[in-house]
Amino acid sequence: MRDANPQTIFLKDYSVPEYLIHTVDLTFTLNEENTRISSRLTVSRNPNCKTGGKSLTLAGENLRLLRISLNDGNDLTKGHYLQTQDSLTIYEVPQQQQFILTIENEINPKANTALEGLYLSNGMLCTQCEAEGFRKITYFLDRPDVMAKFTTTLIGDKDRYPVLLSNGNKIAYGDKPDNCHWVTWEDPFNKPCYLFALVAGRLVCIEDSFKTMSGRNISLQIYVEKEDGDKCGHAMQSLKNAMLWDEQKFGREYDLDLYMIVAVSHFNMGAMENKGLNIFNTKFVLARPDTATDADYEHIEGVIGHEYFHNWTGNRITCRDWFQLSLKEGFTVFRDQEFTGDRTSKAVKRIEDVNMLRTRQFAEDAGPLAHPVRPDAYIEINNFYTLTVYEKGAEIVRMLHTMLGSEGFRKGSDLYFARHDGQAVTCDDFINAMEAANGVDLTQFRRWYSQAGTPQLTVFQNYDAAAQTLTIRICQHCPSTPGQALKDPLHIPVTIGLIYQDGSVAPCQLGSAAHASNEVILQLTQSEQDFTFHHLAERPVVSILRGFSAPVKLIMERSLQELAFLLSYDSDTFNRWEAGQQLAGKIIAGLIADWQNGKALKINPIIITAYKKVLAQAEKDLSYFALLLGLPSESYLAEQMQVIDVEAIHEAREFVKQTLAEQLQAEFKTLYLNYHRDESGLFDSDATGRRRIKNIALGYLSKLGCQDIQQWSERQFYTAKNMTDQLAALADIVNNPHPARQQCLDSFYRQWHADALVIDKWFSLQATSCMPDTFATVQTLMTHPAFDIRNPNRVRSLIGAFSQANPLHFHAANSQGYKFLADQIILLNSLNPQVASRMMTALTSWRRYDSIRQTLMKAQLERIMTTEAISRDVYEVASKSLL
Ligand code: 7ML
Ligand code: ZN
């Protein structure tokens, strides 16, 4: 074990730092295997801290310490300090006045496979410091409430490191002997060290500019490896879109004269918002129509936006401690979601976000790793960059937006920015600003931050014909989660609309004297509450939780007829789609039971009629149209089951898909032929909509197994000029017994072998195939020359895709999938603990499966627990999921 006794850190133990650091002067002498860091800090006691002695303890992990001095005096000798594996204590530092602390140390970036701190990616030196990576570079007060002004000088070889970047503005540069050069960067803004960054390498730069709302001209630069220079146009446009959007929607202007983005191919996460120098996974920067899908284009714009928006929600105002992570992440995800919704289709974006929340975050909230959006305790903070902190955190912000309205929300965010600019604050400070700006009481609402688990709302309705009233009773209940047995009722906004039988809007009039509107927001605050609507001439159909106004599970008796009615008539785009999903979900659930009982599968014709009607209505937003025609995913269906039966889910869903294909063959063929164009892959909403709808049609038609359709997909695969069409066709070929399956896969590899991000897709597609030979293929792919366990994108594209997106084969009853995954986790544990820990996801849900699989999965978790030198990351997840 790396840590014989991994320590738990508690929110309740937070105390202000004993010392503050005001300025940081860093000098890096860069080398692959031996980088020297000289750090000169101005330090003083924190006037707000009344405790502590004369010593100063800094964090630092596995650093080779060369020298320490105080106030430019002689080097401290051994008896004056104590160095451990992860800290440096100086026994006595000046208490009355500010002092200078100088430290020199060495690190080995080449040996850094964890990709945290300073590391090497394809010959380029780069950093990742969030959350606690800075301590792997030099000794420091590595906590977000210590904010300082950084000046950074980089010295390196001119040929290996022609480009030398750090945060802020380039203030000086020059030459050095031995073919070296140097650059000094100065960041005028105070920042915590997790926002520090440096990049050194052979990079090309793509430049543009942006004029801000106050007329300042900002230079925009994207740095990539030479061969990727032609794939930056979309990222650059996305950045300009994001800058304009933040000015218009939040009144936020950029604050430095330079904004840099660097794309690196080895990166543990999506991207990082380092001040003035964002570092991105190549996956979220590089795009060309022939190499990136429409979904990639959308994600790139979203992630570029996300990192840009952090400049205000994260950098100018940061987190007091890591328990407050959702303060910056929840708010920033909300902002990037709104941005993407405005740029593409609001309806589609909301559905995509809710789909992800309900399949993945709900699973997290129902499992052994459930935690509040603001956790109370952690062993390894890297394990808390979770769907709960990010996505549920964004839902909390969205609920505020729903309850306060966009103007009230804007007043609240303006006050938040005004009050806390330059500070490190808490989730409570954010809510306080929303409260103060709107004169509302959010005391109960705050529980969303402290209470884990997904609330369940059970809805009953009672129509009184004589009184012309409809009473809706809503009961809320939240199941217990680890460490939280009992739950208090939450403040939940429930948006509701009523529809008459002819499809017209029924008035929503709460209380007999209130005025009527088309839609109201019910404020649910008690465990059981009644809401009565008046003046309803007939019994209306209830459209509840419109826009998914709260992250809850809804339980409500609905007939298939009522769902089909809502699918046709609901004016709320989210609920209209949701009705279709529930309709299909109910029918598939029935078929799952039939399959389990050995009964022959027979389709309920109501779903055919409903889908036929959707096809006939021909929705104008083609992407939304495509979503209406989609079936609930296997993972969503799994979430709905008591005991997950992966085979039954797959069989029942494929049966419905095939039956729809057979019975609506003509309609799907027409759709395909109407919308299929031989187009270059322009990323605009018409073109992406056309591709989405025709590819969904081709997906259904591929289930027919007939030759003409096989030819359609093969032709589309070989002639496509854009990756969306090529990949969609290949997916249909790979997931069906297509005669040209292997030829197409081989051809794709030959065509794209030099493009790492496309080869990731090639790995993923094979890893997620439902064809019977998949596990053998995955094993073979592990030995493919292009597989590299040190590259997180590759690991995710093969091991991650197989374990998290191929339930059918991963959960094979013979346990081969489980053993395979555990083997890889044990290997990754020593190379890259963060990635290893993320790969555990598929095993942690063991309680959701039948008892045989439970035993098999648990056995692998127990085997992982015995790993020698187990990392804190893997230890925390494995031990908590076995509790
Ligand atoms: C979320 C990020 C991290 C971890 C990026 C790392 C980040 C922390 C970083 C939404 C969109 C893109 C990336 C991420 C994400 C997990 C997810 N501060 O900016 O939050
Ligand atoms: Zn973020």
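The alpha-carbon of Lys411 sits under 28 angstrom from the alpha-carbons of these lysines, leaving out residues fewer than 8 places away in its chain: Lys191, Lys211, Lys240, Lys249, Lys275, Lys328, Lys346, Lys349, Lys392. Legend: calculated FRET efficiency, Asp686 to Met213, from the Cβ-Cβ distance at R0 = 22 Å, rounded to 0.05, equals 0.15.
Positive contributions from Lys and Arg (+1) and negative ones from Asp and Glu (-1), summed over other residues with Cβ under 10 Å from the Cβ of Leu141, come out at -1.
The stretch between Ile171 and Glu92 holds 24.9 nm of extra length on full extension. This uses 0.36 nm per residue minus the Cα-Cα distance.
For the range 612-718, the relative contact order is 31 percent, taking Cα pairs closer than 8 Å that sit 6 or more residues apart in sequence and dividing their mean separation by the residue count. Global dimensions of the range 196-253 from alpha-carbon coordinates: Rg and Dmax equal 13.4, 37 Å. Counting only DSSP beta bridges whose two residues both lie in the range 196-329, roughly 50 percent are antiparallel. Shape of the range 172-305 from its Cα gyration tensor (a ≥ b ≥ c, root eigenvalues): rounded if a/c is under 1.5, otherwise prolate when a/b > b/c, or oblate? Oblate, because a/c is 1.5 or more while a/b does not exceed b/c. Magnitude of the charge dipole for the range 807-883, about its Cα centre and with charges confined to Cβ atoms of Lys, Arg (+1) and Asp, Glu (-1), is about 220 debye. Extending 7 Å from the Cα toward the beta-carbon at both Val204 and Ile9 defines two label points whose distance is 4.1 nm.
FRET efficiency for Ala600 and Gln711, Cβ-Cβ distance as r, R0 = 41 Å, nearest 0.05?
Taking R0 as 41 Å, the efficiency between Ala600 and Gln711 is 0.80.
With a Cα cut-off of under 22 Å and a minimum spacing of 8 residues unless on different chains, the lysine pairs in the range 475-611 number 4.
For the range 747-883, with only Lys/Arg (+1) and Asp/Glu (-1) charged at the beta-carbon, what is the dipole magnitude about the Cα centre, in debye rounded to 20?
In debye, rounded to 20, the range 747-883 gives about 240.
Shape analysis of the range 1-117 yields a ratio of the Cα radius of gyration to the Kirkwood radius, Rg/Rh, of 0.98.
Nearest 0.05, what FRET efficiency do Gln523 and Arg410 give at R0 = 22 Å with Cβ-Cβ as r? Plugging the Cβ-Cβ distance into 1/(1 + (r/R0)^6) gives 0.60.
Highest-first packing order for the peptide set 542-551, 848-857 is 542-551, 848-857, based on the mean count of other beta carbon atoms within 10 Å. Dipole orientation for the range 1-129: of the candidates Gly123, Ser55, Thr42, Ser55 has the Cα lying most toward the positive pole (charges on Cβ; Lys, Arg +1; Asp, Glu -1). The alpha carbon centroids of the range 125-150 and the range 521-574 are separated by 49 Å.
Helices that extend 30 Å or more along their long axis by alpha-carbon positions and average at least -1.0 on the Kyte-Doolittle scale are, among the DSSP H runs of the chain, 573-596.
Rg/Rh for the chain (Cα atoms only, Rh after Kirkwood) is 0.97. With helices as the sole contributors, the chain gives -12000 deg cm²/dmol at 222 nm; each DSSP H run of n ≥ 4 counts as -39500 (n - 2.57), and the sum is divided by every residue. Measure off 7 Å from each Cα along the Cα-to-Cβ vector at Gln743 and Cys49, then give the distance between these two points in nanometres to one decimal. My value for the distance between the label points is 7.0 nm. Put simply, the Cα atoms of the range 731-875 extend 43, 32, 19 Å along their principal axes, the longest span coming first. For Lys819 and Asp290, the difference between the fully extended length at 0.36 nm per residue and the C-alpha to C-alpha distance is 186.7 nm. Simple point charges give the picture: +1 on the Cβ of Lys and Arg, -1 on the Cβ of Asp and Glu, and for the chain a dipole about the Cα centre of about 540 debye.
Just to confirm my numbers, what's the Cα centroid distance between the range 599-650 and the range 39-103 in Å? Between the Cα centre of the range 599-650 and that of the range 39-103, the gap is 63 Å.
Once backbone amide H atoms are built at 1.01 Å from N, Leu522 has Val494, Thr495, Ile496 as its partners under 5 Å, excluding neighbours fewer than 5 places away on the same chain. Each of Ser851, Asn806, Tyr749 was scored by the projection of its Cα onto the charge dipole of the range 714-857, and the greatest displacement toward the positive side belongs to Ser851; charges sit on the C-beta of Lys, Arg, Asp and Glu.
The numbers here are math on the coordinates, done by the rules we state, and not lab data. The model shown is predicted, which means the values in this text are computed figures rather than measured ones. Reconstructed Cβ throughout: ideal geometry from the backbone, glycine too, with neighbour counts over all protein chains shown.
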